[in-house]
1. With the condition kept exactly as written, say whether any residue in the stretch 344-356 is at pLDDT 85 or above, over 17 Å from Gly521 (Cβ atoms), part of a helix (DSSP H, G or I) and hydroxyl-bearing (Ser, Thr, Tyr).
2. Which of the residues that make up the stretch 25-70 are open to solvent by less than 60 Å² (accessible area, probe 1.4 Å) and modelled with pLDDT of 85 or more?
3. Checking Leu73 against (1) at pLDDT 65 or above; (2) not in a loop (DSSP other than H, G, I, E, B): exactly one of these is not met. Which one?
4. Just wondering, is there one or more residues in the stretch 376-389 that are in contact with a Phe, Trp or Tyr (Cβ under 6 Å, 6 or more places away or on another chain) and either surrounded by fewer than 21 Cβ atoms within 10 Å (Cβ to Cβ) or at pLDDT below 90 (or both)?
5. Show the residue pairs meeting these rules: Cβ distance below 7 Å; 6+ apart or different chains; first residue within the stretch 459-475 and open to solvent by 100 Å² or more (accessible area, probe 1.4 Å); second residue assigned to a strand (DSSP E or B) and of a type in the set (Gly, Ala, Ser).
6. So is Ser773 crowded, with 16+ Cβ neighbours inside 10 Å, among the hydroxyl-bearing types (Ser, Thr, Tyr) and at pLDDT below 95 or not?
7. For the stretch 390-426, which residues satisfy the criterion of being open to solvent by 70 Å² or more (accessible area, probe 1.4 Å), under 30 Å from Gly545 (Cβ atoms) and touching a Lys or Arg at 6+ places or on another chain (Cβ under 8 Å)?
8. Find the residue count for the stretch 710-739, including only residues that are part of a loop (DSSP other than H, G, I, E, B) and crowded, with 19+ Cβ neighbours inside 10 Å.
Amino acid sequence: MKSGARPTATIERYWARPTDELFAQLRATARGLTSAEAERRLNESGQGDVRDRQRLSRTRVLVRQVGSPLLWLLIAAAAISAVSSEWSDAGIVLFIVVATVAVGYLREYRAGLALEALRARIQVRATVLRDGAFVSVPRQAVVPGDVIRLSAGSLVPADAVLLDATDCFVSEAALTGESFPVQKQPGPVGERAPQAERLNCVFLGTNVRSGTAEAVVVSTGHATELSRIAAKLVRAAPETDFDRGIRRFGYLLTSVMFVMVFVVFVAHTLAGRPPIETLLFSIALGVGLNPELLPAILSVNLARAASVMAGRGVLVRRLNAIENFGSMTVLCTDKTGTLTEGTIRLEGAYDPAGQLSAAVLGLAYANAALQSGLKNPLDDAIVEAHGTDEGTPEKLGEIPFDFVRKRLGVIASTASGARLITKGAFDNIISACTRSSDDTPLAGDHLADLTARYESWSRQGIRVLAIATRDIDVRATYSRDDEAGLTFAGFLTFIDRPKEGVNRALQDLQRLGVAVKMITGDNRLVAAHVAAMVGLDVGRVITGGELDQVDDAALWRLAPATAVFAEVDPNQKDRIIRALRHAGAVVGFLGDGINDAPAMHVADTSLSVDHAVDVARETADFVLLEPDLDVIRGGIEEGRRTFANTMKYILTTTSANLGNMLSMAAASLFLPFLPLLAGQILLNNLLSDVPAVGIADDAVDSELVSQPPRWDMRFIARFMVVFGLLSSVFDAVTFVVLLRVFGAGVELFRTGWFVESLLTELCVALVVRTRRSVFSSRPGGLLLWSSVVMMVIAPVIPYLPYAERLGFVHLPAGLLAALALIVALYVVATELAKRLFYRHGVAGTVALLPPVLNN
């Protein structure tokens, strides 16, 4: 290739071009690119990932912070004040807007940086031909002209044209919605062929279900088919229960806020109050009701949880799934590597009579060493047991593994021609055989003896594969049709012992309210044996064959009561997950193979492991650095802590805000002056939110972790009403004390209530953050000390320089003492109300709620 030659950006109708013409237009060859040329092309075209628009951006974070309609209302109000020469009000409002945006921006951006660092640890890779050898590179480094190698489990890293393929079936559901894999074959197709009929092409976003292939890349990133039809394909991830609750909560607050703003503005206007002052006051009330730091708190909570979970061996791919992880009630998993050690050892290779056989081991070694499809631990165990001292025969062809046949065949050269060597599940091999290696027909007593031997091993928890052979002609291609009339050669037995500590881990999950179910493709006898050893209930084992005999309605009843599912295929895993979800479970699925992807898509929470195939890792919400149930337990607990701390902010802030804003709105209708100026309301709201940044690190009571949490709008509504009304009662007491006892004028009234309102918000947050006594549940250090600092600052604010410009005056010592007493009584009353609330549920408050909250 000429130095500096540049490939064509987009090749017209590349699917119809002969290979030679395609390589010429790409300025490439079948020998692939050099590393230097690939790097040059990458620098010119950019990284080949259509998702690069989603990367962390300072601008995007800032836009999210200033995108709130409430902030724009404040900015508009400040502009009106400036036009009306109300410079002080305008300056105060703008200062608070800038401070609010700055706090939210800094917290969210730092959280985003931490998340980006974690995501960099999980990278999908592609196998490409560089400098004459196949190497592994990050998927984003693939460029046009690269020759790529694909096998079962591979995610296709770019749009490419096939050069060679062996039984290559590709799932194109991401592009076409079609669930059945499509067989791919090299060779040009018609120029007018639609995307679904371009059988010589593979596309970004699809994955290889079985077989192998080599292809030349023609398009990457935004030039791919996936990018071109992205507007049709990009669908939002299914809304989680937590997201749905946040959305409904947002609708409620927005409705209440706008009603309050409208009513107060109209009432004050009709009463002849100054319109600019009234507008600012009304908007400030609405802003005061809104928990404006909620997006930042959510981001910080989730990013912190992701960081903690990474330290415990769980890498988070999708932040919004963390709460679902904590809400999990059922965990479905395979047995290998999770319930068992995952270190599979070949126990022996036996002939049909059950005698150890070097010949059978040699056949198994040839099959394992020559196959080029999906790498698996069984083949590794065979190669390790055999050793590599003897050379391997020449490979003439391959019939790749798939999950329907459950067999894998290779064609090896022999002195007299060729031999097909096939290994796989016992039932699937025996069904393709007609005789044994001693020429005994596979029927009657002989078949019964082989089956009994297989079942005896299986009952001991030993995994059994069978191996068969057949002499075959040498030819260019072979297919699954050649797997007929085979000769049964013998058995391969494997041992994978239960993992140490798995019984305790299962008990810990059970205490957390999480049931574990085994879903495996292994035979029912092995599955039942392993399940019994680790402590799972094996009262009922459902097999794939039995699943085919029951309809969905029956499965909805069977699935929750069954702990072991065996001999299942990928579509049956999907059915099981759907049935559990239909029964009301929040389902997590742990998978590491291509056959697990369908079930992972439909689970509430999907988990994979670091060494899993590409499509499993890409599908997963979480990637485990170690396939260990104890790691999962830690992730569940952290998810529940995140949920609990998010709910703390929502409950404490909205209940306090609702009480204060209702008191202020009501008082404004009866007092001859506004109870607080707009700037004072906004300052109060900003200062009371300062300690909220410590909620992400707050301690969580054990009872909030012991059971799966669920979003409960009725509970939140009751909480807001009860504690909001209690806050309003003490606000009314404060009004009486200020007006009747101290005869407060306008400035003294506003200053006194500002201090009382701020102190009560800060104190009550520490009380209602826990269901326990405030003295028996210690808050996190940042939350506690930031609250204490703000409590010290609150009564000092009127004495600070320029405080008079905010409308504050010095408070008499007697009034400060009275306010301190009111705050102390409020804390005691809130503690008592909290005990009654959690003891009796305050059921009567439901009747007081708006209809939207009783749904």
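The values are calculated or read from the model by the stated rules, or taken from the named source; none is laboratory data. On a predicted model such as this, the values are computed, not experimentally measured, just so you know. All Cβ positions, even for glycine, are placed from backbone atoms using ideal geometry, and neighbour counts span all protein chains on display. With ligands, DNA and RNA removed, areas are computed over all heavy atoms of the protein, side chains included. Shrake-Rupley method; radii C 1.70, N 1.55, O 1.52, S 1.80 Å.
1. Taking the stretch 344-356 first, the residues at pLDDT 85 or above are 345-356.
Restricting the remaining residues to those that are over 17 Å from Gly521 (Cβ atoms) gives 345-356.
Those left that are additionally part of a helix (DSSP H, G or I): none.
No, the conditions are met nowhere in the stretch 344-356.
2. Of all residues in the stretch 25-70, those open to solvent by less than 60 Å² (accessible area, probe 1.4 Å) come to 25-26, 28-29, 32-33, 35, 37-38, 40-42, 46, 48-50, 52, 56-57, 61, 65-68, 70.
Selection gives Gln25, Leu26, Ala28, Thr29, Gly32, Leu33, Ser35, Glu37, Ala38, Arg40, Arg41, Leu42.
3. Condition not satisfied by Leu73: (1).
4. Yes, that holds for at least one residue.
5. Within 7 Å, the pairs are Asp471/Gly417; Asp473/Gly417; Asp473/Ala418.
6. Values: crowded, with 16+ Cβ neighbours inside 10 Å: no; among the hydroxyl-bearing types (Ser, Thr, Tyr): yes; at pLDDT below 95: yes.
Spelling it out, it is not the case that Ser773 is crowded, with 16+ Cβ neighbours inside 10 Å, among the hydroxyl-bearing types (Ser, Thr, Tyr) and at pLDDT below 95.
7. Phe401
8. Within the stretch 710-739, the first condition is being part of a loop (DSSP other than H, G, I, E, B), and the residues that meet it are 710-712.
Keeping just the survivors that are crowded, with 19+ Cβ neighbours inside 10 Å gives 711.
Residues that pass the stated criteria total 1.
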